[in-house]
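K.L.:
One structure follows; several queries about it will come next.
No value in this document is a laboratory result; all are computed from the given coordinates. Since we're looking at a predicted model, the values are computed, not measured. Counting neighbours? That spans all protein chains shown, and the Cβs are built from the backbone with ideal geometry, glycine included.
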Amino acid sequence: MGRVALVTGGTRGIGAAIAIALKNAGRDVVVNYAGNDHAAREFEESTSIKVMKFDVSDHEAVAAATAQIETDLGPIEILVNNAGITRDSTMHRMTYEQWKEVIDTNLSGVFNCSRAVIEGMRERSFGRIVNIGSINGQAGQYGQVNYAATKSGIHGFTKALAQEGAGKNITVNAIAPGYVDTDMVRAVPPEVLEKIIAGIPVGRLGKADDIARGVIFLTADNADFVTGSTLSINGGQHMY
């Protein structure tokens, strides 16, 4: 049996690539999803990776789901907080619901999942947590004050929790993807997408596998000297 890994938002796009890469690295992987049952069934059938439906913004649901995973498979030793949503709008048009939905899923979800596994990681003196941030949490983005706030918050959360976990061999790192060729990015109008690609020095969109390789590096058993870091995987689009 390999180490048990939980990937939230893991049945499509970046999350799916991460889950598959972890499985190929010998991990026992469970992926969370929120609502797309059809995509989840297709993913499970094509990969043989276990899927579990729960809402990461629901603290009690997360606690129950993680407890079930640990009963079925063993302790969760790798957590990838990937689940995220967008509800884009400029501030003067943004509703409180659009703000709260994004905060609850993208940021409170990271707390809920991390809180559910951190005590066990401390008891065992091993843990690997990777939080998926965003270039837009580093540089900001027009029409995304809610999303950018959550992703920036994830980067700060990562640095603080890394300090708490360091003495217990628990590493906590973030990955900040740039624009990756996913369904969400493909939905961007072609003329806008052309401008985005023109601003990426390497001249292309990222691939989900580019992000997955970063996760494999950060979750390795021997990656114990890398913690509190944000790994920017964005083709050189934003450097600081």
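K.L.:
Taking the Cβ of T95 as the center, what net charge do the other residues with Cβ under 10 Å away carry, scoring Lys and Arg +1 and Asp and Glu -1?
P.N.:
So the surrounding residues net to +1.
K.L.:
In whole Hz and in residue order, list the ³J(HN,Hα) couplings for region 188-195 that follow from phi through the Karplus curve 6.51 cos²θ - 1.76 cosθ + 1.60, θ = phi - 60°; x for Gly and Pro.
P.N.:
5, x, x, 5, 6, 4, 4, 5
K.L.:
State, to one decimal in nm, how far the label point of F217 lies from the label point of E70, with both points 7 Å from Cα in the Cβ direction.
P.N.:
Here the modelled spin labels are 3.1 nm apart.
K.L.:
Just to confirm the number: angle between the C-alpha axis of helix 59-72 and the first principal axis of the chain, 0 to 90 degrees, nearest 10?
P.N.:
The two axes meet at around 50 degrees.
K.L.:
Given the DSSP H assignment, sum -39500 (n - 2.57) over each helix run of at least 4 residues in the chain and divide by its residue total; what's the result at 222 nm in deg cm²/dmol, nearest 500?
P.N.:
The per-residue figure over the chain is -14000 deg cm²/dmol.
K.L.:
Amide H neighbours of A174 under 5 Å, counting only residues 5+ apart in sequence or on other chains, H built in-plane at 1.01 Å?
P.N.:
Amide H neighbours of A174: N131, S229, T230, L231.
K.L.:
Right, something else. Report, in debye and to the nearest 20, how large the dipole of the chain comes out about its Cα centre when Lys and Arg carry +1 and Asp and Glu carry -1 on their Cβ.
P.N.:
500
K.L.:
Which FRET efficiency value, to the nearest 0.05, do you get for E123 and R204 by plugging their Cβ-Cβ distance into 1/(1 + (r/R0)^6) with R0 = 51 Å?
P.N.:
Working from the Cβ atoms, E equals 0.70.
K.L.:
Sticking with this structure for a sec: Considering the Cα trace of region 118-240, what is its radius of gyration and what is Dmax, both in angstroms?
P.N.:
15.8, 52
K.L.:
While we're looking at this one, here's another question. Going 7 Å from the Cα of Y142 in the Cα-to-Cβ direction, what parts of region 174-201 have a backbone nitrogen less than 13 Å from that spot?
P.N.:
192-193, 195-196
K.L.:
Shifting gears a bit: Rounded if a/c is under 1.5, else prolate if a/b is larger than b/c, else oblate: which is the chain, with a ≥ b ≥ c the root eigenvalues of its Cα gyration tensor?
P.N.:
Cα axes put the chain in the rounded bin.
K.L.:
Let me know the charge dipole size of region 101-240 about its Cα centre in debye, to the nearest 20, where only the beta-carbon of Lys, Arg (+1) and Asp, Glu (-1) is charged.
P.N.:
I would put it at about 240 debye.
K.L.:
Follow-up. What ranking do R115, R3 get, fewest neighbouring Cβ atoms within 10 angstrom at the top?
P.N.:
Exposure proxy ranking, most exposed first: R115, R3.
K.L.:
If we restrict to alpha carbons, what Rg and Dmax does region 132-204 come to, in Å?
P.N.:
15.2, 49
K.L.:
With the cut-off at 26 Å, tell me which of the pairs K151/K195; K53/K151; K53/K100; K23/K53; K50/K168; K151/K207 have Cα atoms farther apart than that.
P.N.:
Check vs 26 Å cut-off fails for K50/K168.
K.L.:
To continue, here is another question. Just subtract the alpha-carbon distance of I197 and H92 from 0.36 nm times their residue separation and send over the number in nm, one decimal.
P.N.:
35.0 nm
K.L.:
Something else: So how much slack lies between H238 and H38, counting 0.36 nm per residue of separation and subtracting their Cα-Cα distance, in nm? Walk me through the intermediate numbers first.
P.N.:
Working: separation 200, 0.36 × 200 = 72.00 nm, distance 3.56 nm.
Net length gain for the segment: 68.4 nm.
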